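Below is one structure, written out as structure tokens; comments come after it.
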Amino acid sequence: MKYQKTVTKSTPPHRAMLSIAAILIATVLSSTSLHAACQFDSTARTPPGGAKLQVVAFGDSLLDTGTYQQFAKAKFDGGEFTTNPSKVYVQDIACTYGDVLLPAFQGGFGEPLKPSGGLDYAEGGSRVALQPGINHAAAGTPNADFSEETTIPVTEQLNRYLSEHQRFHPNQLVIINGGANDIFFNLAVAEQVGTPAALQAAEQAIAQSALDLADVVEVVIAKGATHVVLMSLPDIGTTPQGVSSADHGQSLTQISQLFNSTLLGQLKSKNQLDKIVVLDSFGIIDNVVANFQEFGFKVSNTGMACNLEAQIGKATALSLQNPTFFGESLFCSPATFTTPDAAESFMFADTVHPSAHLSAIFAKAAELQIESSGLVR
């Protein structure tokens, strides 16, 4: 089933939506330090970002710093949705502003979520406002809330933060993302039903998730946040999952555009755009795909750094239920890299998640955009 609606890309007037070409040129010029991850120095009076901020995150696997790490590391030496043991990009941003970002809760895979002391509420598989998320156990499964991935929705992540901390403070940088798992979930339902009405219902549900994410941003601002960064949805059509689909990602690109245009349109209508920085994830990833060799990659979106079949084989050897479940980057480690240098030579760790190298490029582009926005002074 193909998504047919055509959505025109636009760049709404919000704070620091820089020319993506300018960001990427600056990234290349900064490439001498690109592969050197930020090193946290608790004694530094001024961190690399010029201001010391406490980072708080709400979202999905792109921001998840280890919700499921205990199980993933113990069984596979994995832990985050990338080419482990690398960091996801939001950890580099936190370091840039003198902070160490850790998960707020850890658990899943048979263990209930427990507070773990951090301020990263993002969880792999989470949708914006609804359960079940991607890779959440099916209804009726014993201990379904934590027998697999817990996928607490972004709206509930925010509620959990506010129930403990009540509000945000001027010394905090709040980073938000979401929406990809709503797309995966709703398109899978439409595919299963296989009717035009089901596809239309999926479109409506995806658009609603974008409106729900705009509400999250509005609440964060209303509760005192003055440094807010919203990650636009990356172009899912240019991921390995997209390019291997029947229409080579066209449908997924269009639905990604629909989500972003709905999200930014809603924020503009509520006069919120000039209060935040919107990271142009869609443009950043598309430009790197188009110029992958210039950024030091050997493989763009036509391959994956992680040997997912090897991970599935290991799950089978460990007698884990549903071995195919473990064919994602959460369970990836150097032992299952496609090549020894896969973390640097491949853009993508698995079908949708970035490798260490791509995460570093995105972190640098994000830092440049935040710096140029004037959001942090």
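The values are calculated or read from the model by the stated rules, or taken from the named source; none is laboratory data. This one's a predicted model, so the numbers in the text were calculated from it and none came from an experiment. Cβ sites come from the backbone with ideal geometry, for glycine too, and all protein chains shown count toward neighbours.
What is the one condition in (1) closer than 29 Å to Asp215 by Cα; (2) out of contact with any Asp or Glu (no Cβ under 8 Å at 6 or more places or on another chain); (3) assigned to a loop (DSSP other than H, G, I, E, B); (4) of a type outside the set (A, V, I, L, M) that Thr46 does not satisfy?
Every condition holds for Thr46 apart from (1).
So in segment 325-377, with the set limited to residues that are charged (D, E, K, R), over 21 Å from Lys75 (Cβ atoms) and at pLDDT 95 or above, which one is surrounded by the fewest Cβ atoms within 10 Å (Cβ to Cβ)?
Among residues in segment 325-377 that are charged (D, E, K, R), over 21 Å from Lys75 (Cβ atoms) and at pLDDT 95 or above, the one surrounded by the fewest Cβ atoms within 10 Å (Cβ to Cβ) is Asp341.
Please list, ordered by first then second residue, the pairs with beta carbon atoms under 7 Å, 6 or more apart or interchain, first in segment 192-208 and among the β-branched types (Val, Ile, Thr), second crowded, with 17+ Cβ neighbours inside 10 Å and at pLDDT 95 or above.
Between residues of segment 192-208 that are among the β-branched types (Val, Ile, Thr) and residues that are crowded, with 17+ Cβ neighbours inside 10 Å and at pLDDT 95 or above, the close pairs are Ile206/Asp182; Ile206/Ile183; Ile206/Asn186; Ile206/Ile255; Ile206/Leu258; Ile206/Phe259.
Quick check on my filter: what residues within segment 314-344 are hydroxyl-bearing (Ser, Thr, Tyr), in a helix (DSSP H, G or I) and over 23 Å from the mean Cα position of the chain (by Cα)?
Thr316
If I ask for residues that are polar (S, T, N, Q) and out of contact with any Cys (no Cβ under 8 Å at 6 or more places or on another chain), which ones from segment 49-90 would you list?
Gln54, Ser61, Thr65, Thr67, Gln69, Gln70, Ser86
Which of the residues spanning segment 238-263 are under 17 Å from Ile176 (Cβ atoms) and surrounded by fewer than 23 Cβ atoms within 10 Å (Cβ to Cβ)?
Thr262 - this is the single residue of segment 238-263 that is under 17 Å from Ile176 (Cβ atoms) and surrounded by fewer than 23 Cβ atoms within 10 Å (Cβ to Cβ).
Given the criteria under 19 Å from Ile93 (Cβ atoms) and at pLDDT below 95, does Gly59 qualify?
no
When segment 94-131 is examined, which residues are found to be among the aliphatic types (A, V, I, L, M) and in contact with a helix residue (DSSP H, G or I) (Cβ under 6 Å, 6 or more places away or on another chain)?
Listed by number, the residues that qualify are Leu101, Val128, Ala129.
Given the criteria crowded, with 22+ Cβ neighbours inside 10 Å, at pLDDT below 70 and not acidic (Asp, Glu), does Leu24 qualify?
yes
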